[in-house]
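Novice: The structure follows.
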């Protein structure tokens, strides 16, 4: 005990203690946390591959042990979902410093991404990549899924309600995106895969808040995804959407295109015939 | 402006006055020689123009025909892929294009006709000064004066005064009708009311419910970085009765966020929250839009209408934009069942400013 | 192409149509329905007079017609929409054919608008024509206004019509806002929500006015029905009434015309209503309607099904009003929050009130009084039927562009969030930039416009004195190169020399005989200063003697002449007395007045 007492004041002691504490709580959490997430089989092999990829591509910002540096946050506990979202949408690795990581060309193949995700998942417990249960859009119709009181169509409509309350203020009513403060922005949701939307909700990337399962249930998230899928694939009943940006783009169109056509006609009308 | 010495007479000649005034000026050369159009000299060109106009009118009739057929033939659910637009509703596109062309071709047909075949010789119409001549003006004055004298208005002032009074007053009932019946007059009091007030729940603390699901929220549900859009438990009554739902929501919308307790700068803010979980009115203090945009990294709340930015860790003070006042905080605590409740209502009116707000 | 010629073959085609009216009347007496009508109305004479009215040709004279026609189109399609629209805020469950909203509680107004869009054949087309028509209506009203402004068409005797037009443009915007709110979707509901905030910000009576408008607490159940009656009954009636007066005045005054050979202040040169303008203007109605219908077929506007029903809790990113209300929305985005303050516990929302409730009457008020201010400053009380070329009124053009700049800054500020995303800028920086531009922009715009106008006038002068550039370069035996200038024909020249270039008003006496400055003199001093502001920078139109001199002396002499003018003006009155036009002199001398 004397040795322990002597080392109690060692500078590293706090770090060791925190690490121990994290391990215990993390372990406890991973034991107690709902297990729906562990869908993909994690092999020691893929973790090793992931680590290699991590060291080569990510460590310069996130640190050798993903503990975070001045230029990148810690990845301990962000979970596989976060990696799958950030790398799967091409936001990571970051091309250069920016107020916000833009969506980009994806730099890794699916296997590499899942290996990276598997490695980061081993650093600390966090949300896992969702399986297909809640990321498959609901097919509209009058039938009801098991355990649901609403018809499929009504569930999509409810997804719309949840979307408008929780998401539309940043992402716009049609998921066309919107501005945040100081150059940050909420990206467009059109063309984003259901899995990535789900992952964004559970991990809260960048400025986005987290919508955990106690906030919006997995079924609720599925409804939101289904609503987005429905409006993404719906017929353009009125014609060209002008980017679904609301009255600004409509006004611009009226000023430039409509007025332009009419003035052109007026000029033709006032010109002497040959 | 009698102090202006108008060197020119205020008469009909003033129109032309200026141009004659100075000697060293160019003369108006008069209408330029008329230039003929092709159809004026060449019967073939005229015939061609006639054919073109007739063709345009014919195309219009064709488009109308298409509209009539399409109206009955195209089923509601029919869609097709329109380049540049995507999957489009056949009905809207075909009906619109046919109607548009039916109109458009009439238009360009008529204008083309006017331009090519109708006379393009310019016609000169004379203008006359706008003012009436002096005799007419004098006659008008005389008529009015004579009429007034005939009515004896000047001699019998009693009639003049009573008439003025009657005409001045008769509109008042209409004004009163509108002013008195458009809306209630207890506005300043009612604007301060809110269904978060405990009197709406028999004095018991009111639970925070998820919007729109209306399910209660446990403290542990609110993890770091997450945002809950909240309505009071008391709203359920309005929903069940289908009465006053939107009116209640317009003042009751609340946003619930968990912050690291260390981040919170203001003691009141800390005290009114639980373990860093704080609740604020979501109604902008500017003009009342929903301030829903929460940036997890900066802890700013942004209003999408006019970009008022509220700093959450600093008691939602305004750091940018047109709003002046911070968002009002709702005091919350945890009840016996572990759910978040508001033990008191808002301590100030929520939403946009009004005159009597602080009275 | 040939010149005038009596034996034109096409003239023969028209032989039957033309001819003296009297003879025609002998041939074919007025009978049938027309005769029946004339028996009872005596309308034949005014009708034939009206049909012979002459309209000058210019594309910019059609801008007002675009406005008129799009208004008529909105009236027509609006009647259609009233057949199905239900102006009620009763909450119902949507069960129509648009799947992503099925089972949602919505207002009856929203449901009926969805039904028009999805379940009534062609209903969406009519809705889109109505909305696009409304947008282009206000667009063309504004463009028409700028045309009238820059050409000085508002001058005597047309001031009343300018005021009526100003009123029309304001009513058009309010009418548009009322209509935009009717579907009761999330976006327009947010607009009404903001409007409630504006109304509440009115000092003293704000909260009462808000409760009167909404019939109680926001949103209540009254606002949609009330806006409906304002939108389909009250404002259209006023609009059509004022518009009729507007058109009547055009008939009374006869249309203005651009200066040109043969066009004077005493005539109007153009084409008669029957048949040319009947066909042109009538045809143009169909063109405008056709274009709007074609656009409505393929371009979506206000997809209310996407916004969802109104609910105070949700909101969408990019919440903006339709463009014509954008300037007020932009003003609200720019006004800083610190302008709100309290006195004796009463709240003054000066961060809201000036940008909303006050801004509308203020802006249109300034526009409305401009003709009277200008005529006071310039001392010009004559009738004007010839339009100014904008360059020939540089100060007016500068004021106009400055005003448009301020308006545009506000308008663009209302789209600052979308500009931030699309241009990848910070919304905060953009807002600050717009705040700065609102004050600096108009000043720069005024200065720049005035300079450009003066330069254009100078270019006109050059062109008159030295001819048009032909693009042909000659090389002289001595080796120098010169571009050949072709002299202008009198017809080409006239438009460049016909304008007047007034000098500033002068005060003849500043004080009465006792040396006491009269209050009248003070006002007149202001007037003289303003007049100086208007006219001190001036380029006089070239005169025949100058042209003569240019021919005699060659280019060099005149170049130097051009550079001698002070205030960058070419003041011809110094050199040739005969060309100077002494302007009215202000006499503030009281003694002389009495």
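The values are calculated or read from the model by the stated rules, or taken from the named source; none is laboratory data. None of the values given here were measured: they were computed from a predicted structure. Every residue, glycine among them, receives a Cβ derived from its backbone with ideal geometry; neighbour counts consider all protein chains shown.
Novice: Can you tell which of B:224, B:186, B:242 is modelled with pLDDT under 90, farther than 30 Å from residue A:208 by Cβ and touching a strand residue (DSSP E or B) at 6+ places or on another chain (Cβ under 8 Å)?
Specialist: B:242 is the lone residue from the list that is modelled with pLDDT under 90, farther than 30 Å from residue A:208 by Cβ and touching a strand residue (DSSP E or B) at 6+ places or on another chain (Cβ under 8 Å).
Novice: What tally of residues in the range C:538-548 results from selecting those that are more than 9 Å from chain B (Cβ to nearest Cβ) and surrounded by 18 or more Cβ atoms within 10 Å (Cβ to Cβ)?
Specialist: 3
Novice: Could you check, for the range A:163-179, whether at least one of its residues is within 9 Å of chain C (Cβ to nearest Cβ), at positive phi and assigned to a loop (DSSP other than H, G, I, E, B)?
Specialist: The answer is yes, given that some residue of the range A:163-179 is within 9 Å of chain C (Cβ to nearest Cβ), at positive phi and assigned to a loop (DSSP other than H, G, I, E, B).
Novice: Something else about it: Count, please, the residues in the range C:185-211 that happen to be assigned to a helix (DSSP H, G or I), at the interface with chain B (Cβ under 7 Å from one of its Cβ atoms) and over 18 Å from residue B:193 (Cβ atoms).
Specialist: Looking only at that region, the number is 3.
Yes/no matrix, rows are residues, columns are (1) closer than 30 Å to residue A:167 by Cα; (2) more than 7 Å from chain C (Cβ to nearest Cβ); (3) not in a loop (DSSP other than H, G, I, E, B):
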{"residue": "A:228", "(1), (2), (3)": "yes, yes, yes"}
{"residue": "A:232", "(1), (2), (3)": "yes, yes, yes"}
{"residue": "A:238", "(1), (2), (3)": "yes, no, no"}
{"residue": "A:248", "(1), (2), (3)": "yes, no, yes"}
{"residue": "A:258", "(1), (2), (3)": "no, no, yes"}
{"residue": "A:262", "(1), (2), (3)": "no, no, yes"}
{"residue": "A:265", "(1), (2), (3)": "no, no, yes"}
{"residue": "A:272", "(1), (2), (3)": "no, yes, no"}
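Novice: Is the range B:159-177 home to any residue that is exposed (fewer than 10 other Cβ atoms within 10 Å of the Cβ) and not in a helix (DSSP H, G or I)?
Specialist: yes
Novice: Scan the range B:317-338 residue by residue and report those that are buried (at least 24 other Cβ atoms within 10 Å of the Cβ) and touching a residue at least 40 places away in the same chain (Cβ under 8 Å).
Specialist: B:327, B:330, B:332
Yes/no per residue for (1) touching a strand residue (DSSP E or B) at 6+ places or on another chain (Cβ under 7 Å); (2) surrounded by 22 or more Cβ atoms within 10 Å (Cβ to Cβ); (3) more than 9 Å from every other protein chain (Cβ to nearest Cβ):
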| position | (1), (2), (3) |
| --- | --- |
| C:63 | no, yes, no |
| C:67 | no, yes, yes |
| C:72 | no, no, yes |
| C:89 | yes, no, no |
| C:96 | no, no, yes |
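Novice: Ok, one more. With the requirement that a residue be closer than 18 Å to residue C:294 by Cβ and either over 21 Å from the mean Cα position of the chain (by Cα) or outside any helix (DSSP H, G or I) (or both), what does the range C:70-79 give you? Steps first, answer last, please.
Specialist: Let us first name the residues in the range C:70-79 that are closer than 18 Å to residue C:294 by Cβ, namely C:70, C:72-74, C:76-77.
The answer is C:76, C:77.
A quick yes/no check of all residues on (1) under 23 Å from residue A:216 (Cα atoms); (2) free of Cβ contacts under 8 Å to residues at least 12 places away in the same chain:
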| position | (1), (2) |
| --- | --- |
| B:195 | no, no |
| B:202 | no, yes |
| B:217 | yes, no |
| B:253 | yes, no |
| B:260 | yes, no |
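Novice: Same structure again: Quick check on my filter: what residues within the range B:42-78 are surrounded by 15 or more Cβ atoms within 10 Å (Cβ to Cβ), touching a helix residue (DSSP H, G or I) at 6+ places or on another chain (Cβ under 7 Å) and outside any helix (DSSP H, G or I)?
Specialist: Residue satisfying the conditions is B:74 alone.
Novice: Also: Filter the range B:111-141 down to the residues that are touching a residue at least 12 places away in the same chain (Cβ under 8 Å) and at the interface with chain C (Cβ under 7 Å from one of its Cβ atoms), then identify the one that is surrounded by the most Cβ atoms within 10 Å (Cβ to Cβ).
Specialist: Only one residue tops the list, namely B:113.
Novice: Among the residues of the range A:172-183, how many are touching a strand residue (DSSP E or B) at 6+ places or on another chain (Cβ under 7 Å), in contact (Cβ under 8 Å) with a residue 12 or more places away in the chain and surrounded by fewer than 24 Cβ atoms within 10 Å (Cβ to Cβ)?
Specialist: Of the range A:172-183, the ones touching a strand residue (DSSP E or B) at 6+ places or on another chain (Cβ under 7 Å) are A:172, A:177-181.
Keeping just the survivors that are in contact (Cβ under 8 Å) with a residue 12 or more places away in the chain gives A:172, A:177, A:180.
Within this subset, residues satisfying the condition of being surrounded by fewer than 24 Cβ atoms within 10 Å (Cβ to Cβ) are A:177.
Here the count works out to 1.
Novice: Out of A:127, A:140, A:93, A:102, I need the residue that is in a loop (DSSP other than H, G, I, E, B) and over 22 Å from residue B:297 (Cβ atoms). Which one?
Specialist: Just a single option satisfies the conditions, and that option is A:140.
Novice: Let me ask another. I need the full set of residues from the range C:216-234 which are part of a helix (DSSP H, G or I) and surrounded by fewer than 20 Cβ atoms within 10 Å (Cβ to Cβ), in order please.
Specialist: First pass over the range C:216-234, keeping only residues part of a helix (DSSP H, G or I): C:223-234.
Result: C:225, C:226, C:229, C:230, C:233, C:234.
Novice: Would you mind finding the one in C:510, C:503 that is in contact with a helix residue (DSSP H, G or I) (Cβ under 9 Å, 6 or more places away or on another chain), within 27 Å of residue C:387 (Cα to Cα) and modelled with pLDDT under 90?
Specialist: Answer to the check: C:503.
Novice: Scan the range C:254-284 for residues that are at the interface with another protein chain (Cβ under 7 Å from one of its Cβ atoms) and assigned to a helix (DSSP H, G or I) and report the count.
Specialist: 7
Novice: Which count do you get for residues in the range A:46-82 that are touching a strand residue (DSSP E or B) at 6+ places or on another chain (Cβ under 8 Å) and under 24 Å from residue A:21 (Cβ atoms)?
Specialist: 2
Novice: Exactly one condition in (1) buried (at least 24 other Cβ atoms within 10 Å of the Cβ); (2) within 14 Å of chain C (Cβ to nearest Cβ); (3) in a loop (DSSP other than H, G, I, E, B) is false for residue A:157; which is it?
Specialist: (3)
Novice: Suppose we keep only residues that are buried (at least 24 other Cβ atoms within 10 Å of the Cβ) and under 24 Å from the mean Cα position of the chain (by Cα) within the range C:294-326. Which one would you say is nearest to residue B:283 (Cα to Cα)?
Specialist: Top of the filtered list is C:320.
Novice: Can I ask one more? Among C:327, C:289, C:338, which is over 27 Å from residue C:218 (Cα atoms) and assigned to a helix (DSSP H, G or I)?
Specialist: C:289
Novice: A follow-up question, please. Only residues in the range C:403-417 that are more than 8 Å from every other protein chain (Cβ to nearest Cβ) and closer than 14 Å to residue A:251 by Cα count as the first member; pair them with residues that are surrounded by fewer than 20 Cβ atoms within 10 Å (Cβ to Cβ) and modelled with pLDDT under 95, Cβ under 8 angstrom, at least 6 apart or cross-chain, and list the lot.
Specialist: Short answer, once both residue conditions are applied: C:412/C:419.
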